[in-house]
1. Considering segment 171-193 alone, what residues qualify as being open to solvent by 30 Å² or more (accessible area, probe 1.4 Å) and not in a loop (DSSP other than H, G, I, E, B)?
2. List pairs: first in segment 125-136 and under 18 Å from Lys2 (Cα atoms), second among the aromatic types (Phe, Trp, Tyr) and part of a strand (DSSP E or B), Cβ under 8 Å, 6+ apart or cross-chain?
3. For residues in segment 104-124 being open to solvent by 10 Å² or more (accessible area, probe 1.4 Å) and of a type in the set (A, V, I, L, M, F, W, C), which is farthest from Pro9 (Cα to Cα)?
4. Enumerate the pairs (first residue in segment 66-95 and within 25 Å of Ser30 (Cβ to Cβ) and hydroxyl-bearing (Ser, Thr, Tyr); second residue anywhere and assigned to a helix (DSSP H, G or I) and open to solvent by 50 Å² or more (accessible area, probe 1.4 Å)) with beta-carbon separation below 8 Å, excluding pairs fewer than 6 apart on the same chain, so at least 6 apart or on different chains.
5. Among the residues of segment 147-170 satisfying the criterion of being in a loop (DSSP other than H, G, I, E, B) and closer than 19 Å to Gly134 by Cβ, which is least open to solvent (accessible area, probe 1.4 Å)?
Amino acid sequence: MKVTIHQPPFIGWLGFWAKVMQSDLFIVVSDWQFSNSSFEHRVKVEGSYLTLPVVDVSEKKDKFPLLSDLMVKPTAKQVKTLEQSYLRKGCKNTEIIEKVISVFKKSVNQEVQLVALNTQIMMILLGYLKPNFGVRFVHKETIEAINGMTEDKSERLLMLLSEHTSNYSQYLSGGGGLDYLDPKVIPNIVTGK
């Protein structure tokens, strides 16, 4: 069984969707720490980043907030960028793009939970791709319990794998996975590198 674990990205990129579509099980985790350099709040559109404005989280002193606590405030300009990039260039799949844009439009100039927005968009795209695998969502309590047991990222990932499947054969990681994962703790890591 091939398994991938990921936080819900903003729209996603080709490598993310390729990894997900190769999986037998896709585990979605929304309670990992947020990083400004990550892709939970940005996506590359025609060579430039479309970045959702993050609502001030300065009250979370000395650490990054959890992704599930993060609020964003999409703008009308961002909707226009998506429309101009995907609807006016002869896109073959305009109905799916229109669904994604309509979700985005409903959030314009409002503070919305980033995870909820990303999950809604991700589910629309998964519905279009019609994958032949299971999707499981990991809840905050599970992540808090695992985080309390160990600080090691590889051990945390192994605990998630163990909780959701007893027979994984490969863990599908992103290209940078080997930079922080220990193959002695998680055997059979397959990366995009």
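The values are calculated or read from the model by the stated rules, or taken from the named source; none is laboratory data. Bear in mind that the values here come from a model prediction, so they are computed numbers and not experimental data. All Cβ positions, even for glycine, are placed from backbone atoms using ideal geometry, and neighbour counts span all protein chains on display. Areas reflect the complete protein model, heavy atoms only, side chains present, ligands, DNA and RNA absent. Shrake-Rupley method; radii C 1.70, N 1.55, O 1.52, S 1.80 Å.
1. Leu178, Asp179, Ile189, Val190, listed by residue number.
2. Pro131/Phe26; Phe133/Phe26; Gly134/Phe26; Val135/Phe26; Arg136/Phe26
3. Val108
4. Ser68/Lys140
5. Step one: list which residues in segment 147-170 are in a loop (DSSP other than H, G, I, E, B), which gives 150-152, 165-169.
From what is left, the residues that are closer than 19 Å to Gly134 by Cβ are 165-169.
Numbers: Thr165: 15, Ser166: 120, Asn167: 93, Tyr168: 47, Ser169: 53 Å².
Among those residues, the one meeting the criterion is Thr165.
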